[in-house]
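Contents: one structure, followed by commentary.
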Amino acid sequence: MYIMIKPLTVAVLIVGSLILQPVLAYEGGDFILRVGLASVQPNDDSDPLALNGAELSTLGLGLPVTELQVEDDTQIGITFTYMFNSNWGLGVLASTPFEHDIRADALSVAAGSTEHLPPTFTVQYFPMAADSEIQPYVGAGLNYTTFFSEEVDNQLNTALAGLGATGNADLSLDDSFGLALEAGFDYKLNEHWLFNAAVWYINIETSAEINVPGLGQITTDVTIDPWVYMISAGYLF
């Protein structure tokens, strides 16, 4: 009897200690750090590529209507939330630099690549009670996206050389300001640790310029408007 009761007693004590652990509760002045994987998946569209103001497809070069497409990328995401009180907070989305491949769709060539950082600031609303085990939230705010390390791919340079380019092209993308919406939830594991899942829809619009020696300038306006998905572990300070 003793042999059977002792393991049962230990199990009851372990479960009881878990139940009696203090649970995480959001209060004014709290700071939440979350780190995980963030995936940027563009919902992209662009105007047709134009050379010196005229669409490529209208120049008698036998080229189809061509747009730019921006590929997905996944990096380390970091979010911060500062709680004003138990229901309202200020959220910040940051990350390591995302790198996106860019394609010229109708030409079936890799056009280039770019890196970007998308710092995003949102006012967040948490509707549940401060000690709720699950804390869903929504937010709205502003995004600033800065592009850097833009490069033109050799496939596009080769295609442009066939049109008369005398050297490698150079790509630049304008930075972007736009609105951002988010939704997510925290699942409390104990007094400090939590699991988080979140999604953002971000308005990102940029103008692309490809300077081509011997030909001139290829331009287009690109709407990226990505969905950003993130799964992370968080810690309440």
Exercise. Just to be sure, is Glu67 among the acidic types (Asp, Glu) and more than 27 Å from Leu37 (Cα to Cα)?
Worked result: yes
Problem set entry | So Leu179, is it of a type outside the set (Gly, Ala, Ser), out of contact with any strand residue (DSSP E or B) (no Cβ under 6 Å at 6 or more places or on another chain) and part of a strand (DSSP E or B) | yes
Problem set entry | Residues of region 126-161 that turn out to be in a strand (DSSP E or B), crowded, with 19+ Cβ neighbours inside 10 Å and among the hydrophobic types (A, V, I, L, M, F, W, C), as a count | 2
Exercise. Take the residues of region 53-108 that are at pLDDT 90 or above and charged (D, E, K, R): which is farthest from the chain's Cα centre (by Cα)?
Worked result: Arg103
Problem set entry | Checklist (1) at positive phi; (2) surrounded by 15 or more Cβ atoms within 10 Å (Cβ to Cβ) applied to Leu189, failing item | (1)
Seminar exercise, completed: Note on Val123: of the conditions (1) in a strand (DSSP E or B); (2) buried (at least 18 other Cβ atoms within 10 Å of the Cβ), unmet is (2)
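Quick grid of which residues meet (1) farther than 22 Å from Thr114 by Cα; (2) at pLDDT 95 or above; (3) not small (Gly, Ala, Ser):
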{"residue": "Tyr137", "(1), (2), (3)": "yes, yes, yes"}
{"residue": "Glu150", "(1), (2), (3)": "no, yes, yes"}
{"residue": "Thr158", "(1), (2), (3)": "no, no, yes"}
{"residue": "Phe177", "(1), (2), (3)": "no, yes, yes"}
{"residue": "Glu182", "(1), (2), (3)": "yes, yes, yes"}
{"residue": "Trp193", "(1), (2), (3)": "yes, yes, yes"}
{"residue": "Ile204", "(1), (2), (3)": "no, yes, yes"}
{"residue": "Glu209", "(1), (2), (3)": "no, yes, yes"}
{"residue": "Ile218", "(1), (2), (3)": "no, no, yes"}
Exercise. Any chance region 192-213 includes a residue that's buried (at least 17 other Cβ atoms within 10 Å of the Cβ), hydroxyl-bearing (Ser, Thr, Tyr) and in a strand (DSSP E or B)?
Worked result: yes
Exercise. Out of region 170-180, which residues are hydrophobic (A, V, I, L, M, F, W, C) and surrounded by 15 or more Cβ atoms within 10 Å (Cβ to Cβ)?
Worked result: Leu171, Leu173, Ala180
For this session: Please find, within region 186-208, the residue that is farthest from Phe237 (Cα to Cα) out of those that are more than 23 Å from the chain's Cα centre (by Cα) and not basic (Lys, Arg).
Result: Leu189
Problem set entry | Single condition Tyr125 does not satisfy, out of (1) touching a residue at least 12 places away in the same chain (Cβ under 8 Å); (2) touching a Pro at 6+ places or on another chain (Cβ under 9 Å) | (2)
Problem set entry | Options Ala165, Ala183: the member that is more than 13 Å from the chain's Cα centre (by Cα) and over 15 Å from Ile218 (Cα atoms) | Ala183
Problem set entry | Single residue of region 220-234 satisfying the filter (within 22 Å of Gly112 (Cα to Cα) and not aliphatic (A, V, I, L, M)) that is farthest from the chain's Cα centre (by Cα) | Thr220
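The values are calculated or read from the model by the stated rules, or taken from the named source; none is laboratory data. Note that the structure is predicted; figures quoted are calculated from it, not measured. Here Cβ is always computed from backbone atoms with ideal geometry, including for glycine, and neighbour counts include all displayed protein chains.
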